[in-house]
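Quick notes on the structure that follows.
The values are calculated or read from the model by the stated rules, or taken from the named source; none is laboratory data. Treat the numbers as computed from the prediction; the structure is a model and nothing was measured. Here Cβ is always computed from backbone atoms with ideal geometry, including for glycine, and neighbour counts include all displayed protein chains.
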Amino acid sequence: MNLNLPSFSSFTHDGLDLAYFDEGEGTPVLLIHGFASTASVNWVHPGWLKTLGEAGYRVIALDNRGHGQSDKPHDGEYYYPELMAGDAAALLDHLGIERAHVMGYSMGARVSANLALAHPEKVRTLVFGGLGIGICDGVGDWDPIAEALRAPSLDDVTDEKGRMFRAFAEQTKSDRIALAACIETSRQNIPRAEIGRIAAPTLIAVGTKDDLAGSPQTLAAQMQNAIALDIPNRDHMLAVGDKVFKSAVLEFFARHDDD
């Protein structure tokens, strides 16, 4: 297995060509990245592919619609989280995988939750990274980010969070119009009663300096079989590759590999 540069393939779902990688053998783990990221940025560069591969897992990750090497429609109607969850389910079917550990970060956690609600039979366990009770209650006002992504230039953006995402989108050479459409419809909250329907064992991991995610403990209390993890001294961006996070995920997966 090439742990440094995975080979991407593609499949078609819902009229879109979607890119993914599939590396290694063993119990499958499906990884779903966050907003404005990619499978590589979220999972390869921070070392997750290497960590999970060396632990004996089959590691699968897709570029969500609107991101990376996947198709990027400019219509917000394409980006509701249940539709992206449908992409994830279709990828598992495409690969002939009946059940997988599923880990999502930030927007990817919201997509993972929708996958577990729509297709509980496909989900062995869940890991929500970078998203706590915000999955139900919202994570603040992201409208300035859509405005920043659509602005003629970075010089026209005054909102601090908007400037950060606009600069990141330019750095990664992303399709800014697709991302703006995505951020407007991908933030659909899941009611607390609905999140309580999820029965899969769930690990909710949030950095102690993350001001976007909301409390992991409060979310865990809404769910049937969830535990919370504080990632010490990490904010929303830096928690992704944290060694405490990785160690907890490996232990959690190992505990449920035979479920």
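Only one of the numbered conditions (1) surrounded by fewer than 20 Cβ atoms within 10 Å (Cβ to Cβ); (2) modelled with pLDDT of 95 or more; (3) within 16 Å of the chain's Cα centre (by Cα) is not met by Gln188, and that is (2). Of all residues in region 14-65, those satisfying the criterion of being assigned to a strand (DSSP E or B) and of a type in the set (Gly, Ala, Ser) are Ala19, Ala61.
Scoring Gly138 on the criteria (1) touching a Leu at 6+ places or on another chain (Cβ under 6 Å); (2) free of Cβ contacts under 8 Å to residues at least 60 places away in the same chain leaves a single failure, condition (1). Could you count how many residues in region 4-13 are of a type in the set (Phe, Trp, Tyr) and either part of a loop (DSSP other than H, G, I, E, B) or farther than 14 Å from Ala90 by Cβ (or both)? Count: 1. Cβ-Cβ contacts under 7 Å between residues 6 or more apart (or on different chains), taken from a first residue in region 23-48 that is without any contact (Cβ under 8 Å) to a residue 60 or more places away in the chain and over 16 Å from Arg65 (Cβ atoms) to a second residue that is in a strand (DSSP E or B) and of a type in the set (A, V, I, L, M, F, W, C), are listed as Glu23/Val59; Gly24/Val59; Trp43/Leu31; Trp43/Ala61. Reported count of residues in region 227-259, each being without any contact (Cβ under 8 Å) to a residue 60 or more places away in the chain and surrounded by 14 or more Cβ atoms within 10 Å (Cβ to Cβ), is 11.
Taking region 212-252 as the range and being more than 17 Å from the chain's Cα centre (by Cα), within 13 Å of Thr51 (Cα to Cα) and not acidic (Asp, Glu) as the test, the residues that pass are Lys243, Val244, Ser247, Ala248, Leu250.
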